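Heads up, the thing below is written out as structure tokens.
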Amino acid sequence: MVNPGESLKVLRLALVSPGDVVKERDLADKVVEDLNRGIVKHHGYRLEIWRWETDARPGMHLQGPQGHIDEQMKLENAAIVVGMFWKRFGTPTLGAGSGTEHELRRAWALWEKNHTPEVIVYFCARSYNPKSLEELDQHKKVMEFREDMPKEQFWWPYKTPANFEQLFRRHLTDWFLAKFASPGKPADPPPPGPDPAPGSPPPVRFNLPRVTAHFSGRGSELADLQRALEAGGKAVITQTISGLGGVGKSQLAARFMHEHLEEYKVVAWIRSELSPVTDLAELGKELGLQPEGADPLPPEELAAKAKRFLEQTPRRWLVVFDNVADPKLFAEWAPATGSGKVLATSQRQDLDAFGPVLGIKVFGPETGANYLIETAGRPSEYHDALNLSKALGGLPLALSHAAAYCRQGGSTFAGYLELLEGLPAGELFDSNPEAFYEHTVASTWRASIDKACEQAPLAAQVLEMAAHLAPDKIDRSLFEVLIDGPTPGERKLLTDAINALARFSLVVVDYDSISVHRLLQKVVRDSAPDNAGALNALRSVAAAFPASEQELALPAVWGRCQQLSPHVFALQRSEERLTGEGQALVNLCNHACDYFYYAGDSKRAFEIGLHATEIGERILGPDHPDTIRARNNLAGSYQSAGRTTEAIPIQEQVVADRERILGPNHPDTIGARNNLASSYWSAGRTAEAIPIEEQVVADRERILGPDHPDTITARANLAGYYQSAGRTAEAIPIQQKVVADSERILGPDHPDTILARHNLAISYHSAGRTTEAIPIQEQVVADWKRILGPDHPNTILARNNLASSYQLAGRTTEAIPIQKKVVADRERILGPAHPGTIMARNNLAYSYQSAGRTTEAIPIQEQVVADCERILGPDHPKTITARDNLEWMRRSS
């Protein structure tokens, strides 16, 4: 309600929603409160939220409770109606599927007749797991209602409450300013104030910029700016807006200026990229400081008079110095006292000596996506808008170009993304008057790049190298490839370069790393004079990435690999600039593939293995050892992902190629046969795997020796194949020796040692020796969780096998919760069709049956059989076992 004494016009906001969007309703209250304290109050209004839960009183009505609410709600008196949905639709009324639907349809009917109230509806796109059929039905009704809505005008998707707040703040601000605060609109005059005294000079409005029609996503920054400049008194308040070129600093300042125009007698926009003198001199003319009839004053003298005028006049003034490039010139020409406020925008980060700095960042992915669909008028393309927003790094200038391009030319967001990936920056980002910006993306940054390079000669090399790496958190140590040794003088050269780039907002420095905007990277790559940046990036990452397969198998190096692997993917993008370095690039990709394989990330292993194979075959040729190694890694990633039928033909070719090129006794040839035997075993072809692995053991003992880790691994594999073939009595003594050898040679915490204990426990389980298996398995679970983490495939496998031993030991009530968690984890990490996931469901169904829960077991097992027949084939041993289990369950029911 309006507070006593306030002469504010009330605008009613009707908020309608089911009861599951509590956070969003609280955030709507917060946004309205913020706007009421700021621009809404400034223009003489107050927003008042009305909702039936708090503002309607119970009573009887012929149309039921909803009819009584309609009488009290009076949507025809609302200025705007806001709806919100997530997974609930609401309780049916006499005439609609829910009260919320009824109220929104009433509001639409009013809008179509009178173009008031404004109607906007938000749908939460956050995923969730329905817990009942009723929940599923409710969400289905929400989706059907959304599809029935007039999409082009009324509804917007969001993912999180924070995303909703950004979206709602922007929409509400833009709606209010368009409807109730448009300059010169007769029906909505500015807030009342005293009439100017007779004979007082008219207001001065100098060089005011246009404000883009689609200013959005900056509601919180606008509020921050307003709070920072609210202080009273006679002293000049100086505020700086700083950030990367194209991030929207000037538009934010322009929006603030236009919203507060009536508060100042003198408002001026001074272009300061080169020097503020020219515009200050022109302002002097506007202020009447050029004597009539006299010779024109020199620009510097007239500019100085304008500065003195501002410092001495009692009239309130606001002066924006836009795009300040030189702090010394700014200090010289900005008023230092007076009855006004100075607002500066700059790409520089070192203007804090003049006052507080408001750092403006790029839009988040969802804010950028909402900006795109709102500005281009394409609300049905949210997913593609999100992808494009990410590709453009949330840069408002680039988003503005993309939205205008898609709006004018009718291009889809997906089509624009193809242009972005295929065209040079200079060709794509041509000037676009609809975006209301004077510069292209590239030219916006060029002056800052030139200035940084003037201050630090190494800055250009740092930026060109960074352009070929992943954009976020690039370790500063990678740039040491650019200096001649770690001497203090050389280190200072590198530090000066990074600081210069940061000073002009071209990079963001975070202690021991830097980040670069991905679009700036594209501009730098496309305009680079040579390939030095790409070559330096490859040389640095390759030197930092662990290269030994034995080392990459150790979790101790995985943290470093995780930091470097995004740069490996980024370097693949620069392949054409790495002429003559194909072998180094393939080697680096092979190392990264090994890391992903051992870390249990089969998806990333496949991605990089495939690319390494393609590069190797194209540049090095199909018979090059590094190309063959890439194919071998690709096959390993197929097998790890459960795609054994695709792995086997590749591995058979790798064996043939290595025998032909390297010879049958080369360690890499023997390793290829070892991998092929593993895939045969995974495919259920154990009879073919065993003789190959027996030969591998013999060859490795002869060539490498009995204590070599590769020899021990081969014996462990052979024992596993014996166990699968029912030869458990032969497997156990081999595995016992493998455990002893691994502990002696590798140590008790080495992954291969833990795996050896895990395999021994499996054989104990198969031999019915569960009392010996269980304590080993419990320790293996604890060790894997400690060393690899809870989500590594080995950890999940160990939990799965422990649950099987619990079940065999009659501890079914302990087995079932573990197995349910294993199923969920494997579905999440490996996917529902992975053989490991299917076998986990098979084990869970077996435990349900053993616990007497046959009605729960049978449908799970039916799905297991269908999946096994489809993925593994009808004759695979696991498929046969699954069918046998299903028949047993059906007979027991």
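The values are calculated or read from the model by the stated rules, or taken from the named source; none is laboratory data. All figures in this text were calculated on a predicted structure; none of them were measured in a lab. All Cβ positions, glycine included, derive from the backbone under ideal geometry; neighbour counts span all protein chains shown. Just the protein is used for accessible areas: all its heavy atoms, side chains included, with ligands, DNA and RNA removed. Shrake-Rupley method; radii C 1.70, N 1.55, O 1.52, S 1.80 Å.
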Next on the checklist: Can you name every one of the helices (runs of 4 or more DSSP H) wholly within region 630-734 that holds 1 or more residues which are touching a residue at least 12 places away in the same chain (Cβ under 8 Å), under 42 Å from the mean Cα position of the chain (by Cα) and within 28 Å of Glu869 (Cα to Cα)?
Outcome noted: 644-661, 667-682, 709-724
Checklist entry - Has region 511-520 got at least one residue that is open to solvent by 20 Å² or more (accessible area, probe 1.4 Å) and in contact with a strand residue (DSSP E or B) (Cβ under 8 Å, 6 or more places away or on another chain)? => result yes
Checklist outcome for this item: Of the residues in region 366-379, those that are crowded, with 21+ Cβ neighbours inside 10 Å and part of a helix (DSSP H, G or I) come to Glu366, Thr367, Gly368, Ala369, Asn370, Tyr371, Leu372, Ile373, Thr375, Ala376
Checklist entry - Mind checking which pairs have a first residue in region 855-876 that is in contact (Cβ under 8 Å) with a residue 24 or more places away in the chain and a second that is hydrophobic (A, V, I, L, M, F, W, C) and open to solvent by 40 Å² or more (accessible area, probe 1.4 Å), Cβ under 9 Å, 6 or more apart or different chains? => result Ala857/Ala851; Asp867/Ala833; Cys868/Ile880; Ile871/Ala833
Checklist outcome for this item: By residue number, the members of region 689-728 that are closer than 20 Å to Glu652 by Cβ and open to solvent by 60 Å² or more (accessible area, probe 1.4 Å) are Pro691, Glu694, Gln695
Checklist outcome for this item: Result of the Cβ filter at 9 Å on region 293-309, keeping first residues that are closer than 15 Å to Ser275 by Cα and partners that are open to solvent by 90 Å² or more (accessible area, probe 1.4 Å) and part of a loop (DSSP other than H, G, I, E, B), at least 6 apart or interchain, is Leu302/Pro296
Item to check | Wholly within region 237-341, helices (runs of 4 or more DSSP H) carrying at least 2 residues that are among the acidic types (Asp, Glu) | outcome: 277-286, 299-312
Checklist entry - Only one residue in Leu329, Leu343, Leu310 is open to solvent by 10 Å² or more (accessible area, probe 1.4 Å) and either of a type in the set (A, V, I, L, M) or in contact with an Asp or Glu (Cβ under 6 Å, 6 or more places away or on another chain) (or both), so which one is that? => result Leu329
Item to check | Out of Ile796, Ile774, sole residue that is in contact with a Ser or Thr (Cβ under 6 Å, 6 or more places away or on another chain), open to solvent by less than 20 Å² (accessible area, probe 1.4 Å), assigned to a helix (DSSP H, G or I) and hydrophobic (A, V, I, L, M, F, W, C) | outcome: Ile774
Checklist entry - Is there any pair with a first residue in region 511-524 that is farther than 18 Å from Phe363 by Cβ and touching a residue at least 24 places away in the same chain (Cβ under 8 Å) and a second that is assigned to a strand (DSSP E or B) and open to solvent by less than 10 Å² (accessible area, probe 1.4 Å) whose Cβ atoms are under 9 Å apart and which are 6 or more apart or on different chains, and what are they? => result Ser513/Ile474; Ile514/Ile474
Next on the checklist: I'd like to verify a number: residues in region 575-596 that are free of Cβ contacts under 8 Å to residues at least 60 places away in the same chain, open to solvent by 20 Å² or more (accessible area, probe 1.4 Å) and assigned to a helix (DSSP H, G or I), how many?
Outcome noted: 6
Checklist entry - If we scan region 557-574, do we find a residue that is modelled with pLDDT of 85 or more, assigned to a loop (DSSP other than H, G, I, E, B), out of contact with any strand residue (DSSP E or B) (no Cβ under 9 Å at 6 or more places or on another chain) and over 15 Å from Leu469 (Cβ atoms)? => result no
Checklist entry - If you go through region 832-878 one residue at a time, how many are among the hydrophobic types (A, V, I, L, M, F, W, C), outside any helix (DSSP H, G or I) and under 18 Å from Lys821 (Cα atoms)? => result 2
Item to check | Of all residues making up region 777-793, the number that are under 24 Å from Tyr597 (Cα atoms), free of Cβ contacts under 8 Å to residues at least 60 places away in the same chain, open to solvent by 30 Å² or more (accessible area, probe 1.4 Å) and in a helix (DSSP H, G or I) | outcome: 4
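Yes/no matrix, rows are residues, columns are (1) part of a helix (DSSP H, G or I); (2) more than 23 Å from Leu13 (Cα to Cα); (3) free of Cβ contacts under 8 Å to residues at least 24 places away in the same chain:
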| site | (1), (2), (3) |
| --- | --- |
| Leu110 | yes, no, no |
| Ile120 | no, no, no |
| Asp137 | yes, yes, yes |
| His171 | yes, no, no |
Checklist outcome for this item: In region 597-612, anything among the hydrophobic types (A, V, I, L, M, F, W, C) and either buried (at least 19 other Cβ atoms within 10 Å of the Cβ) or touching a His at 6+ places or on another chain (Cβ under 7 Å) (or both) is listed as Ala599, Ala605, Phe606, Ile608, Ala612
Checklist entry - If you check Ala882 against the conditions, is it out of contact with any His (no Cβ under 6 Å at 6 or more places or on another chain), buried (at least 21 other Cβ atoms within 10 Å of the Cβ) and among the small types (Gly, Ala, Ser)? => result yes
Item to check | Meets criteria (over 30 Å from Phe363 (Cβ atoms) and either in contact with a Ser or Thr (Cβ under 9 Å, 6 or more places away or on another chain) or modelled with pLDDT of 85 or more (or both)) for Asp496 | outcome: yes
Checklist outcome for this item: Out of (1) outside any helix (DSSP H, G or I); (2) hydrophobic (A, V, I, L, M, F, W, C); (3) touching a Leu at 6+ places or on another chain (Cβ under 7 Å), the one Ile615 does not meet is (1)
Checklist entry - Say we look at region 729-748 and pick out the residues that are farther than 21 Å from Thr686 by Cβ and among the acidic types (Asp, Glu); which of these is least open to solvent (accessible area, probe 1.4 Å)? => result Asp741
Checklist entry - Counting only residues that are open to solvent by less than 10 Å² (accessible area, probe 1.4 Å) and more than 26 Å from Ser132 (Cβ to Cβ), how many does region 78-94 have? => result 4
Checklist entry - Going by the conditions given, is Ser389 among the small types (Gly, Ala, Ser) and buried (at least 24 other Cβ atoms within 10 Å of the Cβ)? => result yes
